[in-house]
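Participant: Once you've had a glance at the structure underneath, I'll fire off some questions.
The values are calculated or read from the model by the stated rules, or taken from the named source; none is laboratory data. Treat the numbers as computed from the prediction; the structure is a model and nothing was measured. Here the Cβ is made from the backbone with ideal geometry for all residues, glycine too, and neighbour counts use every protein chain on show.
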Amino acid sequence: MGTSVSKRAKIQNGNGSEKRSIGSRDRLLVLASLGIVVGIAGGLVAEGLLRTINFITDLLYWHRFSSAYLPPNQAPHHWWFLLLPAAGGLLVGLLINYFSPEIKGDGIPEAMAVVLTNRSIVKPRVGFFKPLSAAITVGTGGPFGAEGPIIQTGAALGSILSQFIPSSPSERRTLLACGAAAGLAGVFKTPFAGAMMAVELLVFEFRARSFIPIALASASGTLVAMGFRGGNPVFPLETNYHFHAGELPFFVLLGVACAGLAWLMTKALYLCEDFFEELKIWFPLIPALGGLCVGGIALFYPQVLGTGYAVIADLLSKPHTVGQFVGIGVAKLGAFAIALGSGASGGTFAPALMIGGSLGAAFGKMVHLVVPNSSTVGLYGMVATAALFGSVYRATPSAILFMLEVTGAYNAFLPVFLVAIISDLAVHYFMRTTINTERLVRRGTLVPEAYTVDPMKMLRVRDVMTPDVDTVRATAKVSEFLTDVMAHGSVPVVDEHDHFLGMLRRSDLIAASPTATAESMLHKDFPLVYTDDVVHDIALRFVQEGIGRCPVLDRESGELEGILTAFDLLKAKDWEQMQEMPEPGRLWGLALARFGVQDKEGNLGQ
Amino acid sequence: MQADHGTGLAVPGLPRMQDLGAQPSQFRILILSLLAAVIGLASGVIAWILYHLIGFFTNLFFFHRISFQFTSARSNLLGPWEIVIPVIGGVIVGIMAKYGSPKIKGHGIPEAMEAVLVGHSKIEPRVAVLKPLSAAIAIGTGGPFGAEGPIIQTGGGVGSLIGQLFNTTAAERKVLLACGAAAGMSATFNTPIAGVILSIELLLFEFKARSFIPLVIASTLATAVHWALLGRGPMFAVGRIDFGVPQGLPFYVVLGLLCGVAAVGFSKALYFVEDLFEKLPVDDMWWPAIGAVGLGVIGYFVPRVLGVGYDTIGDILNNHLVMKMLLLVLIFKSLALVISLGSGTSGGLLAPMFMSSAALGGVFAALVNRVFPAAHLAPTGFALVAMGAVFGAAARAPFTFIIFAFEITRNYDSVLPLMLVTVIADAIAMLLSPSSIMTEKLVRRGLHIDQDYEADVLQEVSVSEVMDRNAASVPPEMTVRELADRVARRDPAATAHQGHPIVDHAGHLVGMVTRSDMLRALEKDASGRLTVLEAGTKDPIVVYPDELLAEAVERMLRHDIGRLPVVSREEPDHVIGYLGRSQVMAARARRLEDEYVREPGWIHFRFLP
């Protein structure tokens, strides 16, 4: 890796361009320190946003000046609470309409869009209006979490910080993801999940140069949160899980059910969004209308109001009837889809937790009827939450880590793994997009969902070059070799001892006189490419220097080893696709018919 | 660098898709998940067998009794005779490597990586049998190794073998191999998440849902087997540890720097010793025995270095050892490890490095407490954190070992210091050395190992974004001579691309003519009276504008052509663009600018690089 970095620098200096090369190493320390700064800032922003939300809620629902968390559903009830979410919606609608259209929606898809389409440049105003709008929406009772907005705000912080210094888009992307990770970790005190989530949803790569700053940011964000709110898990849960074989089929069933629920949640959201988009009224009225519906639902189920963290903790740890569980879950689902679809600003995360938690707990209640000594209802809620979260976002690794961290119930990892994975498997079969990517895909942006090693970075030139080359003797005349070499764009010229001299171009040959010697038309300004160069570096040069075809030399002896064309570079992709080729198995008695690298040696280029 | 002269990832002349004539097959996730379940259970059982096999050989060699009880060689009563026992083991392992399979040498993970990268994820059955056997003998005769590297290789072998039973693609076998490895790790240490992430970071070379699902299934089931056979407790009993967050954080940062240096130091020392053995004038069959002499002598004076040493790790993590003992363990365990592993015997790296680095952390905390008595650092906390950090940095798998150390303690307070220290150590190790303890061996063989996973550019860009909309087409009646003249005159329309779509007067695509078609035609008939349609290809392979570049490239490679006309889906004979290799490479380069071009910031700092 080290050699390739220095080589790149050399190449580009030689090219005389302004472009500066960076390897994965020379800016790592700068990014890591900035990651810590962004992490601390993200943690503070998370704390600040949570307090602002609480302040608004306390003021409106409890009529107190305080920033402590007081759940709105437990406040003494008044009929005009019906109007609060609507008022919040109207205010946010005005902000969206007149100040910043980017603040609409959940926050995660917006952050993804910035990374994918805007070279990770976030407008500074987003860093102010997004948390403001989220605080208004959620504070007035919008059925959302603070995490989506915090993720977007953290991302904005990271991006803005990176815009102060000279930075490449990939460096900005790393810092943006740092902010997002710190935001999530700062709300839920989940450093692993914060880092994993940033990797899965935002940086679109899994490599040390971005993982190190992200992990540092996530840890710093958690540290800040622990400083304010102590080190206990956010939704503490005692599970004491014991393995019962009789429960297994129900876990499988729950996994499939969660995949269905994920589908329902995504569809409901986009149905509502499409419906509100059709409405031809003044835009700020739409979120207000959504808010009114939420207020209406809250008359019957006040639990849907606000983040609902207290409700989630309560659902997981205290007994309820099946009816209560289902009622809360369905009401939250409806309120969430309507409010977010109407364009309000808030996170999908906490709603997913509440919907999964309540419906999972209801499922657990019913399992108790069949298998009396099965696990606690809270465990079912937790497991379903992890599965739903994983399937909705298509980020099961994050979901698993998140659930284990946020409940502190590590000993329940077995059912969490099982159900989340089954749900993930099932959701593969009937959903192509996720709640985050649907919006992007509708706009035509392709969202990468798999990260692999680039085969061009693994292969060397000798692996892809064409080793057997037609050469031309320096003394030969055009008429002697014209017909032999016209099939190539350029041909290497060698002396009588087969030493490489230079290249002959076909475009010169077309108009050449038949008696000219090869030597007279020789070009010496060919690019130097060696057999042990990494294909990736050479591919970069092909484009920067406009090379189409060049000789490959041995680094030690300087002898000609082969020819490299742009097509040969693409052959690196073959290596990847070879991996997807079926090979006969031993079971079918075809062991002899195997083919391997050795069998094909030397067959290339003929 | 030596690496520059070996063979590459494949021998020159990579087999090409077109040579094979087969279609790439769909990744079958459901079947793979079922196979993964089988592999998970099998690897769980194998881990259990290996654990007891080590016990068996320890009892046999050091205590001369037949028992499968896992014991420590530390309490043997052999006196000076115990120097001989590792040598016997060394000879046996040497013979097994010579006449069985040389792949059993080493610590397991690089060999599994090699199988994935160059071996089409095929592991021979005899490796899967000889590797655990040789490891059990090496450890049972006092080798200072852990069982995990061998278990990972054996589990990988089981996964690969099960994959080879059926018609599978290399990608599917790779996932099954990784499943076996993850299951082996989880079954040995009772750490399901770390097992999964280990496979992702070190073996898979991809981060995809399709591989994650089988991995989790295998890892979970292997852990369940561990519960059933070995109980639910963690591998090392760990008491309640006070990590001293946040007042200890500054010291954790220092520990991170130290661990990074230690990680690189281990790696360098190991390969230095290996190079020394290379220079020996005796057959490599005898190297393990020679290394074992050194081990035996160290073991005679510091018996704690012998064997797996889970008990010693437990003692360190529970603060049962005094500073002097910690120092002895740190120095002599490291020494014994590099001498014996460098000699090419078979054994895992994880447990011995854990022991040394736990001792390192403990010594560090004790020293700081002497210098700053007010710091009140808990040696146990620092020992645990150092354990994760040194190995995480040495293997370049920080996430795995953060989670691993956490899963061993199951104490959420450990998370913050662990993340901080491991990540800092990893950054230091990355700056100091480009290759890790896992990849160094492969780099020396000429492989170029890249462990950065990124999204494939060609999967992100559609054909319409990069195609040339103004490519010149030629009418079918045009003669080759006419076209050749235009090329010779350097007519920009004719020289922009190597090929031209042939379009008739009604606007229908009828063929493709390339530069080499022209030259072949001129060769046949120098006057060039053939028309371009006669010289070129009729019914050319086409691509649609909404297809991904990856699909277009696959088509180019499959048919061995370098340029495709782009036609609209509605009217498949209406050309709307031209896609050549240079457009594909340019698309790639444009994305790479995200990496390599730095834009000016609002503030200009002089001191930033």
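Participant: Would you mind stating whether residue A:440 is part of a helix (DSSP H, G or I), within 26 Å of the chain's Cα centre (by Cα), surrounded by fewer than 20 Cβ atoms within 10 Å (Cβ to Cβ) and more than 7 Å from chain B (Cβ to nearest Cβ)?
Facilitator: yes
Participant: If I go through the stretch A:535-557 residue by residue, how many of them are over 12 Å from residue B:585 (Cα atoms) and polar (S, T, N, Q)?
Facilitator: 1
Participant: A follow-up question, please. Enumerate the helices (runs of 4 or more DSSP H) found wholly within the stretch B:517-603, keeping only those where 3 or more residues are within 7 Å of chain A (Cβ to nearest Cβ) and in contact with a Leu (Cβ under 8 Å, 6 or more places away or on another chain).
Facilitator: B:549-559, B:581-596
Participant: What number of residues within the stretch A:443-457 are over 17 Å from the mean Cα position of the chain (by Cα) and crowded, with 16+ Cβ neighbours inside 10 Å?
Facilitator: Number satisfying all stated conditions: 4.
Participant: Then there's this: Mind listing just one residue for me: the one in the stretch A:198-228 that is touching a residue at least 40 places away in the same chain (Cβ under 8 Å) and under 15 Å from residue A:147 (Cβ atoms) and, of those, surrounded by the most Cβ atoms within 10 Å (Cβ to Cβ)?
Facilitator: Filtering first and then ranking leaves A:221.
Participant: Can you name every residue in the stretch A:478-513 that is at pLDDT 75 or above and either farther than 17 Å from residue A:551 by Cβ or at the interface with chain B (Cβ under 9 Å from one of its Cβ atoms) (or both)?
Facilitator: If the condition is that a residue be at pLDDT 75 or above and either farther than 17 Å from residue A:551 by Cβ or at the interface with chain B (Cβ under 9 Å from one of its Cβ atoms) (or both), then A:496 is the only one that fits.
Participant: Also: Any residue at all in the stretch A:166-178 that's surrounded by fewer than 24 Cβ atoms within 10 Å (Cβ to Cβ) and either acidic (Asp, Glu) or free of Cβ contacts under 8 Å to residues at least 24 places away in the same chain (or both)?
Facilitator: Looking through the stretch A:166-178, at least one residue is surrounded by fewer than 24 Cβ atoms within 10 Å (Cβ to Cβ) and either acidic (Asp, Glu) or free of Cβ contacts under 8 Å to residues at least 24 places away in the same chain (or both).
Participant: Within 13 Å of chain A (Cβ to nearest Cβ), more than 30 Å from residue B:332 (Cβ to Cβ) and in contact with a Ser or Thr (Cβ under 9 Å, 6 or more places away or on another chain), is that true of residue B:224?
Facilitator: Here the answer is no, as residue B:224 does not meet what is asked.
Participant: Could you say whether any residue in the stretch A:161-171 is within 14 Å of chain B (Cβ to nearest Cβ) and within 22 Å of residue A:437 (Cα to Cα)?
Facilitator: Yes, there is a match, as at least one residue in the stretch A:161-171 is within 14 Å of chain B (Cβ to nearest Cβ) and within 22 Å of residue A:437 (Cα to Cα).
Participant: Here's another thing I want to ask about it. Just checking: which of the helices (runs of 4 or more DSSP H) contained wholly in the stretch B:130-237 hold 3 or more residues that are crowded, with 24+ Cβ neighbours inside 10 Å and β-branched (Val, Ile, Thr)?
Facilitator: Counting at least 3 such residues, we get B:148-165, B:192-198, B:209-230.
Participant: In addition: Right, residue B:382: surrounded by 24 or more Cβ atoms within 10 Å (Cβ to Cβ), on the phi < 0 side of the Ramachandran plot, under 22 Å from the mean Cα position of the chain (by Cα) and more than 9 Å from chain A (Cβ to nearest Cβ) or not?
Facilitator: For residue B:382, the condition - surrounded by 24 or more Cβ atoms within 10 Å (Cβ to Cβ), on the phi < 0 side of the Ramachandran plot, under 22 Å from the mean Cα position of the chain (by Cα) and more than 9 Å from chain A (Cβ to nearest Cβ) - is not met.
Participant: Just name the residue that is surrounded by the fewest Cβ atoms within 10 Å (Cβ to Cβ) out of those in the stretch B:555-579 that are within 26 Å of residue A:450 (Cα to Cα) and touching a residue at least 24 places away in the same chain (Cβ under 8 Å).
Facilitator: B:558
Participant: Determine the pairs where a residue that is without any contact (Cβ under 8 Å) to a residue 60 or more places away in the chain and closer than 18 Å to residue A:505 by Cα, located within the stretch A:553-568, has a partner that is outside any strand (DSSP E or B) and of a type in the set (Phe, Trp, Tyr) with Cβ atoms under 8 Å apart, the partner being 6 or more residues away or on another chain.
Facilitator: The qualifying pairs are A:566/A:542.
Participant: Do we find that residue A:184 is away from chain B (no Cβ under 12 Å), assigned to a helix (DSSP H, G or I) and surrounded by fewer than 24 Cβ atoms within 10 Å (Cβ to Cβ) in this structure?
Facilitator: For residue A:184, the condition - away from chain B (no Cβ under 12 Å), assigned to a helix (DSSP H, G or I) and surrounded by fewer than 24 Cβ atoms within 10 Å (Cβ to Cβ) - is not met.
Participant: Taking the stretch B:51-83 as the region of interest, how many residues are more than 26 Å from residue B:187 (Cβ to Cβ) and assigned to a helix (DSSP H, G or I)?
Facilitator: 7
Participant: Cβ-Cβ below 7 Å, separation at least six or inter-chain, first residue in the stretch B:485-505 and part of a helix (DSSP H, G or I), second of a type in the set (S, T, N, Q): which pairs?
Facilitator: If the second residue must be of a type in the set (S, T, N, Q), the pairs left are B:487/B:495.
Participant: Among the candidates B:504, B:468, B:491, single out the residue that is out of contact with any Phe, Trp or Tyr (no Cβ under 6 Å at 6 or more places or on another chain), acidic (Asp, Glu) and more than 14 Å from every other protein chain (Cβ to nearest Cβ).
Facilitator: Just a single option satisfies the conditions, and that option is B:504.
Participant: Counting just the residues of the stretch B:267-286 that are out of contact with any Lys or Arg (no Cβ under 9 Å at 6 or more places or on another chain) and buried (at least 19 other Cβ atoms within 10 Å of the Cβ), which one comes out farthest from residue B:140 (Cα to Cα)?
Facilitator: B:267
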